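Participant: Sharing a structure here in structure tokens format.
The values are calculated or read from the model by the stated rules, or taken from the named source; none is laboratory data. Bear in mind the structure is a predicted one, so any value in this text is a computation, not a measurement. Remember, those area values only see protein heavy atoms, side chains included, never the ligands or the DNA or RNA. Shrake-Rupley method; radii C 1.70, N 1.55, O 1.52, S 1.80 Å.
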Amino acid sequence: MSVYNEKVMEHFRHPRNVGVMDDPSGVGEVGNISCGDIMRMYIKVDASERITDIKFQTFGCGAAVATSSIVTEMAIGKTVHEALAMTNKQVAESLGGLPPLKLHCSNLAADALHAAVKDYLARQEALGTEPFASGAV
Ligand code: FES
């Protein structure tokens, strides 16, 4: 019997939005030095700062793959500000919970998303555009 619930197993077996993105608006890569897992996330952002597409590559455990998958589903359609506000706890809860020993895996997924958004914001700043034109921070 698996220590993971059925939803986690389903995302692990059939992860959504796996792959590489051509010409992304932002890319985030994070790793966990204790387990060695690595996650990379790509986002495409439209003119209204909404995430319209997202892809990930994860070299890691089953929980890391499942949390990557659910994070992509949670983030698509959200603004970059909403994506930045997503927490590790929300990721784990969206999967119906993770075993305590695997909770750190959900941190990796949220951190990769946040890193991709921060990369997007840094690119906007480098271009001299105002990433927070809407006034929402
Ligand atoms: Fe490393 Fe899950 S064991 S992210």
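Participant: What number, rounded to the nearest 500 deg cm²/dmol, is the helix-based mean residue ellipticity at 222 nm of the chain, given -39500 (n - 2.57) per DSSP H run of at least four residues and division by all its residues?
Facilitator: On the way: 5 runs with 60 residues, N = 137.
Mean residue ellipticity at 222 nm (helix-derived): -13500 deg cm²/dmol.
Participant: Contact order normalised by length for segment 20-122, with contacts defined as Cα pairs under 8 Å and 6 or more residues apart; what percent is it?
Facilitator: Values: 186 pairs, mean separation 34.3, N = 103.
Dividing the mean separation by the residue count of segment 20-122 yields 33 percent.
Participant: Can you give the three extents of the C-alpha atoms in segment 1-70 along their principal axes, from longest to shortest, in whole Å?
Facilitator: The Cα atoms of segment 1-70 stretch 46, 27, 17 Å along their principal axes.
Participant: For segment 1-136, rounded, prolate or oblate, judged on the Cα gyration tensor with a ≥ b ≥ c (square roots of eigenvalues), a/c < 1.5 rounded, else prolate if a/b > b/c? Kindly include the intermediate steps, with their values, before the conclusion.
Facilitator: Values: a/c = 2.09, a/b = 1.93, b/c = 1.08.
Prolate, since a/c reaches 1.5 and a/b exceeds b/c.
Participant: Any chance you could run the full-extension gain for HIS81 through LYS118? It's 0.36 nm times the residue separation minus the Cα-Cα distance, nm to one decimal. Intermediate results must be reported in sequence, preceding the final value.
Facilitator: Details: separation 37, 0.36 × 37 = 13.32 nm, distance 1.00 nm.
12.3 nm is the gain from fully extending HIS81 to LYS118.
Participant: At 1.4 Å probe size, with the rest of the protein present, what percent of the exposed accessible area of the chain is carbon and sulfur atoms? All intermediate terms of the calculation are to be shown ahead of the outcome.
Facilitator: Values: 4000 of 7030 Å².
About 57 percent, which is the carbon plus sulfur part of the accessible surface.
Participant: Please work out the Cα center distance from segment 104-126 to segment 1-48, rounded to the nearest Å.
Facilitator: First find each Cα centre; the distance between them is then 12 Å.
Participant: Continuing with the same structure: Taking amide H atoms as placed 1.01 Å from N in the peptide plane, list the residues 5 or more away in sequence, or in a different chain, whose amide H sits under 5 Å from that of THR79.
Facilitator: ILE51
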